[in-house]
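Data first, discussion second: the structure below is written as structure tokens.
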Amino acid sequence: VQLQASGGGLVQPGGSLRLSCAASGSIFSIKVMGWYRQAPGKGRELVANITSDGRIPNYGDSAKARFTISRDKVKNTVSLQMHNLKPEDTAVYYCHAGSWVGVDYWGQGTQVTVSS
């Protein structure tokens, strides 16, 4: 499975950004897709993921009520719409896919910077 992330960038506090990740390869092996992030000096944390059928989202505490994850099964993409961004959301965001047999796949990171 290969993951290609897009989006990210610099945004002011309170602004919005949309991240997208396209999966290719053995799509049928994917159980969940989503996003993790890693801020400087911190560990990688779950932002949100969603089941491969797009029916069940799961959010980390930092994303609840502000972020929305969605899945396009036709395009094999997952998107993360982020609203009301805060400086503490600044991190490198990584697309992730987890397979049915416990294999993790990672895309390249994309920088999100929230600053005035």
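Here are the numbers for the structure shown:
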item: Set 69, 56, 27, 50: member being at pLDDT 95 or above and surrounded by fewer than 19 Cβ atoms within 10 Å (Cβ to Cβ); result: 56
item: Failed condition for residue 108, given (1) at pLDDT below 95; (2) surrounded by 18 or more Cβ atoms within 10 Å (Cβ to Cβ); (3) part of a strand (DSSP E or B); result: (2)
item: Filter result for residue 75 (touching a Gly at 6+ places or on another chain (Cβ under 9 Å), more than 21 Å from residue 14 (Cα to Cα) and either of a type outside the set (Val, Ile, Thr) or outside any loop (DSSP other than H, G, I, E, B) (or both)); result: no
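The values are calculated or read from the model by the stated rules, or taken from the named source; none is laboratory data. Here the structure is a predicted model, which is why all the values come from computation and not from measurement. Neighbour counts run over all protein chains shown; Cβ positions are idealised from the backbone, glycine included.
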